[in-house]
Amino acid sequence: MDITIKARAKINLALDVVSKREDGYHNLRMVMQTVYLHDQIVLKKAHKYPLKFVCSTPYLPVDERNLVYRAALYLKDTFKLPGGLFISLKKHIPISAGLAGGSSDCAATLSGINRMYNLGLSLNDLMEIGVKFGSDVPFCLLGGTAFAEGKGEILTPLPPHPPVSVIIGKPPVSISTSAVFKAFDSARHAKGPNIDCIISGIKKKDINGIASGFGNVLEDVSIHICPDIVKLKNIYMGSGAIGALMSGSGPSVFAYFSDQKHAWRAMKNVSLLMPHIRQFLTGTFNNTKRGFSF
Ligand code: C5P
């Protein structure tokens with residue numbers, strides 16, 4: 001039986017840094033949201049080789065440097081899985097973009113292998129394994145809308161986010177998350193989020209309320225590396241966005257629109273003024289069941 005899984009991207013409606021930890025990471029407070037934009041992963045049992053991984057993006061490594069390969073190898077070794085496994089990954093989510101593309105691919109691989117081999121791992125078990133591969137992997141396994149603390153792995157599910165049109169714009173720059181956090185420690189900090197406002201907006205299904213709490217303290221650091229971030233935000237806001245913010249450590253910027261018509265107009269403005277920006281029209285994704293569905 002083959003398994004096909006959608007590995008969805010995430011955006012950060014809020015990102016605040018609370019403190020630096022002894023392990024070099026930072027304690028964070030975030031509101032995270034799954035969007036429809038996704039990669040596709042196919043798993044097949046194989047006979048000719050123990051583990052083979054192929055990817056549609058030629059310059060991505062397909063060995064231990066890739067979280068998908070590492071996660072599959074970990075489960076194969078830990079649970080002594082019989083036979084071989086073939087994994088193919090079709091990328092749509094931009095890479096090193098602040099959208100957790102790699103973490104989501106890893107989460108989908110863990111979840112798919114659990115299902116394929118009937119390992120019986122619960123969502124919590126998978127999340128405990130997932131955090132070994134990246135701080136965003138537990139959220140990618142959970143999906144939907146959540147408040148995140150610690151490194152990003154302590155998750156409190158929130159009620160479903162109301163549907164909204166979302167544009168994601170990605171400047172042609174890859175930003176290293178660890179470099180941004182390092183620069184953050186000695187930098188001037190952008191305005192923080194109003195997390196209470198976002199959570200109360202989600203509960204009341206009030207898009208304007210949610211957007212009025214948007215904030216990401218890493219934004220100023222990443223704008224320094226990639227000034228396109230602020231230009232993009234300004235064009236989206238000038239085109240009628242309800243709110244716009246950098247996601248994660250950037251450089252992707254997302255913007256909320258009241259409807260698709262406004263969103264299309266804003267996309268057109270960006271493609272005229274900043275033709276080098278890749279854009280995606282998507283929406284907030286909420287499944288009532290948490291975790292991946294097959
Ligand atoms: O966990 P992940 O591998 O995605 O993190 C990438 C880098 O981002 C880490 O090596 C660390 O430098 C930084 N980071 C951090 N605090 C977090 C999450 C990530 O400092 N909570």
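The values are calculated or read from the model by the stated rules, or taken from the named source; none is laboratory data. These numbers come from a predicted model, not from an experiment. Cβ coordinates were reconstructed from backbone atoms using ideal geometry, including for glycine residues, and neighbour counts include every protein chain displayed. Ligands, DNA and RNA are excluded from the accessible area calculation, which covers all protein heavy atoms including side chains. Shrake-Rupley method; radii C 1.70, N 1.55, O 1.52, S 1.80 Å.
Condition (residue is farther than 20 Å from LYS10 by Cβ and open to solvent by less than 10 Å² (accessible area, probe 1.4 Å)) applied to the range 242-250: is it met by at least one residue? Spell out how you get there, then give the answer.
To start, the set of residues in the range 242-250 that are farther than 20 Å from LYS10 by Cβ comprises none.
No - not one qualifying residue is present in the range 242-250.
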Selection over the range 162-189 where residues are crowded, with 19+ Cβ neighbours inside 10 Å and within 28 Å of SER19 (Cα to Cα) yields a count of 3
Counting only residues that are aromatic (Phe, Trp, Tyr), give me the strands (runs of 3 or more DSSP E) lying completely in the range 162-261 with at least 2 of them. 253-257
Of the criteria (1) more than 15 Å from the ligand (Cβ to nearest atom); (2) assigned by TED's automatic domain parsing to the domain that holds ASP220; (3) more than 17 Å from the chain's Cα centre (by Cα), which one ASN118 fails: (2)
Tally, over the range 1-26, of residues that are of a type outside the set (A, V, I, L, M), farther than 20 Å from PRO157 by Cβ and in contact with a Gly (Cβ under 7 Å, 6 or more places away or on another chain): 0
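Yes or no, residue by residue, for (1) polar (S, T, N, Q); (2) in contact with a helix residue (DSSP H, G or I) (Cβ under 7 Å, 6 or more places away or on another chain); (3) within 14 Å of the ligand (Cβ to nearest atom):
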site: CYS140; (1), (2), (3): no, yes, yes
site: GLY143; (1), (2), (3): no, no, no
site: LEU155; (1), (2), (3): no, yes, yes
site: PRO163; (1), (2), (3): no, no, no
site: PRO172; (1), (2), (3): no, no, no
site: SER176; (1), (2), (3): yes, no, yes
site: CYS197; (1), (2), (3): no, yes, no
Output the residue which, of all residues in the range 127-138 that are within 10 Å of the ligand (Cβ to nearest atom) and open to solvent by less than 50 Å² (accessible area, probe 1.4 Å), is farthest from ILE93 (Cα to Cα). VAL131
Return the residue satisfying two criteria in turn: it lies in the range 104-118 and is open to solvent by less than 20 Å² (accessible area, probe 1.4 Å) and among the hydroxyl-bearing types (Ser, Thr, Tyr), and of such residues it is farthest from LEU141 (Cα to Cα). THR109
Neighbours by Cβ (under 6 Å, 6+ apart or cross-chain): first from the range 162-189, touching a residue at least 60 places away in the same chain (Cβ under 8 Å) and over 15 Å from PRO251 (Cα atoms); second β-branched (Val, Ile, Thr) and open to solvent by 70 Å² or more (accessible area, probe 1.4 Å): none
